[in-house]
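Remarks on the structure that follows.
The values are calculated or read from the model by the stated rules, or taken from the named source; none is laboratory data. Everything numeric here is computed off the predicted structure, so don't read it as measured data. Neighbour counts are summed over all protein chains in view; Cβ atoms, including those assigned to glycine, are modelled from backbone coordinates with ideal geometry. Only protein heavy atoms, including side chains, enter the accessible area calculation; ligands, DNA and RNA are left aside. Shrake-Rupley method; radii C 1.70, N 1.55, O 1.52, S 1.80 Å.
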Amino acid sequence: MWVPFKRVRCQCTFCGHVWRIPRRRILRFERFFTIKKGQPFVWECHDCHEGVVIPGTYKNIHGELVRIDPKTLDPNTEVMRF
C-alpha cells in the first residue's frame, strides 16, 4: 500500500541532527537533480554545513531500494547543495 506522507528518517553525519522528511519530497529532488541509477542522493546539512545528510532506507525514483551506510560512503559521491 502506498502511503502519500511516508516519512524517511534522515541524519547528518557530522552533527547528528535528525529530520523526518516526506518521501515524496526526496523523490522530487531526485527528479530535479536527475539522479542516475545507482547514484546515492546526499545533501549538505543546513544546520552545521560540515556534514552530509544521509536518508534512511527508501525506494528511489528508479525503484531501487536505497540503503546508504555513512561509514562506507564513497568520497567521490556528489553532494547536493540547495
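Figures for the structure shown
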| item | result |
| --- | --- |
| One residue from Arg28, Arg9 being open to solvent by 30 Å² or more (accessible area, probe 1.4 Å) and either at pLDDT below 90 or closer than 19 Å to Arg81 by Cβ (or both) | Arg28 |
| Which numbered condition Thr57 misses (of (1) open to solvent by 100 Å² or more (accessible area, probe 1.4 Å); (2) of a type outside the set (Gly, Ala, Ser); (3) under 15 Å from Arg9 (Cα atoms)) | (1) |
| Yes/no for Pro75 being surrounded by fewer than 16 Cβ atoms within 10 Å (Cβ to Cβ) and in contact (Cβ under 8 Å) with a residue 40 or more places away in the chain | no |
| Residue count for segment 42-52, restricted to those that are modelled with pLDDT under 90 and closer than 16 Å to Glu78 by Cβ | 1 |
